[in-house]
1. Springs between alpha-carbon pairs under 10 angstrom, Gaussian network model over the chain: which of Glu74, Glu54, Glu92 fluctuates most?
2. List, largest first, the extents of the alpha carbons of region 1-84 along their principal axes, each in whole Å.
3. So what is the accessible area of the chain per residue, in Å², with the probe set to 1.4 Å?
4. Given a 1.4 angstrom probe, I'd like the percentage of the accessible area of region 48-101 that is carbon and sulfur, rounded to a whole number.
5. Filter Lys27/Lys118; Lys6/Lys118; Lys81/Lys153 down to the pairs with a C-alpha to C-alpha distance above 21 Å, please.
6. As a test question: what accessible area, to the nearest 10 Å², does Lys27 have when a 1.4 Å probe is rolled over all protein chains in place?
7. Which three extents, in angstrom, do the Cα atoms of the chain have along their principal axes, listed largest first?
8. With a 1.4 Å probe and every protein chain left in place, tell me how much accessible area Asp159 has, in Å² to the nearest 10.
Amino acid sequence: MAELTKLEAKLGEVTELVKAAQAATKKVITLAKEEHPEVVSRLEQMHEEAAETERRCTDLAGSFEGKRTAILEEAQATKSKGGEMMSTYLDEDADALDGFEFLTMAEAGEVGHWSVLKTLNEKAGSEPVRELVEWALPIQRGHFAGVTETSLKLASEEDPDEPA
Ligand SMILES: [Fe+2]
């Protein structure tokens, strides 16, 4: 297996997180669609943007000579960790608000990792990485802001005195 640089490994990690985000948005659609159908179209849009980001990440990984497999395997390793976290957090009692809280963590993680990739690339100076980060980071910031806002909106509709 080819040795990865830190930059390449980080590209693998963001690729994984964007895969996990697709699984998470799907799951939260199922949690929210009955009681909060108004949030579904935004979740579908996030899912679409995550799928597009994965395509761009995979294409970029393919451009690193001989390292595509290693980068995507890095992604695979992070993936099982992310999946475990989701199944622990969103058990069968989970509701829409739990779903959005989980998405808030996941999207914050994405913003953090993309920001780290951006900083690593300031020294590495890869033009295709710079272009991808410039495209993806504002989208991830938008996801984070959106799920935070929806969490707070759902929370404001809760009766805090009701049994949990
Ligand atoms: Fe995202």
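1. Checking each option, the largest mean-square fluctuation is seen for Glu92.
2. For region 1-84, the Cα extents along the three principal axes come out at 48, 24, 15 Å.
3. 56 Å²
4. Carbon and sulfur together cover 47 percent of it.
5. Lys27/Lys118; Lys81/Lys153
6. Counting only protein heavy atoms, the figure is 70 Å².
7. Dimensions of the chain along the principal axes of its Cα atoms: 56, 27, 22 Å.
8. Roughly 80 Å² of Asp159 is accessible to a 1.4 Å probe.
The values are calculated or read from the model by the stated rules, or taken from the named source; none is laboratory data. Every value quoted in this text rests on a predicted model; they were computed, and no experiment measured them. Calculation scope for accessible area: heavy atoms of the full protein, side chains included, ligands and nucleic acids excluded. Shrake-Rupley method; radii C 1.70, N 1.55, O 1.52, S 1.80 Å.
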